[in-house]
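Participant: Starting off with a structure, shown below.
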Amino acid sequence: FDLRAPITLFLGRLAKLTIERLDASGTMTRRVLERRPKLAKNLPAIADLSLEEVESDGREFLVASRKVNKERFLGAVRRAIAQHHKVEKWLDWEGDPVVSIAIPLGGEVQEGRFYAFLPMEQPSPLNGAIDGPFFPNPDRRTLSLSNALNDELVDVAAEISLALLLGTDRKSTRLNSSHIT
């Protein structure tokens, strides 16, 4: 089991996941992974941002989530299609696409990960995890940040980070990549 990336971190509908592994000699190992959410305390309310504390696989995280404007999302999907990425099925996305970041509340410093609901091997650009409707590479271990959809979702994650840092939701937290050098 890879302990670097909590499997249940972004699986909000699960409370417990039991993994059983049977090796060649017939020995079974069992691991129970639990996810326990609770409301985040002593944090300012930030418009359009959902905050919760989550204990996942024995570690605690602050999870901040935001719905992505559907037109913004579909625009990124169309740009990814124009780049020849096979994301046509994202045009039929049902419900609201959501991007979340998870920041460890403990003192541990571990390499963060990208998630497409489940962890990938791709390191995230922060000491934490980023989850969203990313389009992973075929091996489902990595993703291309040159893909317009993935790039846009990373921008949303950065905007969530800025909103947390500022303690408010200002229109100025919308990133414009032309201002980044």
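Participant: Just the residues that are within 13 Å of Pro125 (Cα to Cα) and either charged (D, E, K, R) or not in a helix (DSSP H, G or I) (or both), please, taken from the stretch 151-163.
Facilitator: If the condition is that a residue be within 13 Å of Pro125 (Cα to Cα) and either charged (D, E, K, R) or not in a helix (DSSP H, G or I) (or both), then Asp151, Asp155 are the ones that fit.
Participant: Still on this model: Would you tally the residues in the stretch 112-150 being open to solvent by 70 Å² or more (accessible area, probe 1.4 Å), farther than 16 Å from Ser56 by Cβ, of a type outside the set (S, T, N, Q) and not in a strand (DSSP E or B)?
Facilitator: Residues flagged as open to solvent by 70 Å² or more (accessible area, probe 1.4 Å), farther than 16 Å from Ser56 by Cβ, of a type outside the set (S, T, N, Q) and not in a strand (DSSP E or B) within the stretch 112-150 amount to 6.
Participant: How many residues does the stretch 11-42 contain that are within 24 Å of Phe117 (Cβ to Cβ), part of a strand (DSSP E or B) and of a type outside the set (Asp, Glu)? First the steps, then the outcome.
Facilitator: To start, the set of residues in the stretch 11-42 that are within 24 Å of Phe117 (Cβ to Cβ) comprises 11-21, 30-40.
Narrowing further to those that are part of a strand (DSSP E or B): 16-21, 30-39.
Cutting the leftovers down to of a type outside the set (Asp, Glu) gives us 16-19, 21, 30-33, 35-39.
So the count comes out to 14.
Participant: Another question about this same structure. Hey, any hits in the stretch 35-52 for a residue that's at pLDDT 80 or above, farther than 19 Å from Ile130 by Cβ, surrounded by fewer than 16 Cβ atoms within 10 Å (Cβ to Cβ) and of a type in the set (D, E, K, R)?
Facilitator: Filtering the stretch 35-52 for residues at pLDDT 80 or above gives 35-38, 46-52.
When the remaining residues are screened for being farther than 19 Å from Ile130 by Cβ, the result is 36, 38, 47.
Going one step further and asking which of them are surrounded by fewer than 16 Cβ atoms within 10 Å (Cβ to Cβ), we end up with 36, 38, 47.
Next, from what is left, pick out any that are of a type in the set (D, E, K, R): 36, 38.
There is at least one residue in the stretch 35-52 that is at pLDDT 80 or above, farther than 19 Å from Ile130 by Cβ, surrounded by fewer than 16 Cβ atoms within 10 Å (Cβ to Cβ) and of a type in the set (D, E, K, R).
Participant: Considering only residues that are farther than 30 Å from Leu62 by Cβ and surrounded by fewer than 10 Cβ atoms within 10 Å (Cβ to Cβ), which ones fall in the stretch 12-21?
Facilitator: Matches in the stretch 12-21: Glu20 only.
Participant: Turning to a different aspect of this structure: How about the stretch 108-150: which of its residues are small (Gly, Ala, Ser) and at pLDDT 90 or above?
Facilitator: Kept after step one, since they are small (Gly, Ala, Ser), are these residues of the stretch 108-150: 112, 116, 124, 128-129, 132, 144, 146, 148.
Correct list: Ala116, Ser124, Ala129, Gly132, Ser144, Ser146, Ala148.
Participant: If you check every pair at least six apart or on different chains, which have Cβ atoms under 6 Å apart with a residue in the stretch 43-63 that is under 21 Å from Val156 (Cβ atoms) and in a loop (DSSP other than H, G, I, E, B) first and a residue that is at pLDDT below 85 and open to solvent by less than 40 Å² (accessible area, probe 1.4 Å) second?
Facilitator: Cβ pairs passing all conditions: Pro44/Gly167.
Participant: Inspect the stretch 87-97 for any residue being under 24 Å from Arg13 (Cα atoms) and assigned to a strand (DSSP E or B) and give the result as yes or no.
Facilitator: First, pick out the residues of the stretch 87-97 that are under 24 Å from Arg13 (Cα atoms): 89-90, 92-97.
In the following step, the residues that additionally are assigned to a strand (DSSP E or B) were identified as none.
Within the stretch 87-97, none of the residues are under 24 Å from Arg13 (Cα atoms) and assigned to a strand (DSSP E or B).
Participant: Under the condition of being crowded, with 16+ Cβ neighbours inside 10 Å and without any contact (Cβ under 8 Å) to a residue 60 or more places away in the chain, which residue from the stretch 79-100 is nearest to Arg113 (Cα to Cα)? Outline the logic, then answer.
Facilitator: To start, the set of residues in the stretch 79-100 that are crowded, with 16+ Cβ neighbours inside 10 Å comprises 79-81, 85, 87, 90, 97-100.
When the remaining residues are screened for being without any contact (Cβ under 8 Å) to a residue 60 or more places away in the chain, the result is 81, 90, 97-98.
Values: Ile81: 25, Trp90: 22, Pro97: 19, Val98: 17 Å.
My answer is Val98.
The values are calculated or read from the model by the stated rules, or taken from the named source; none is laboratory data. None of these values were measured; they are calculated from a predicted model. Positions of Cβ are generated from backbone atoms using ideal geometry, with glycine treated the same way; all protein chains shown enter the neighbour counts. Please note that ligands, DNA and RNA were not included when accessible areas were found on the heavy atoms of the full protein model with its side chains. Shrake-Rupley method; radii C 1.70, N 1.55, O 1.52, S 1.80 Å.
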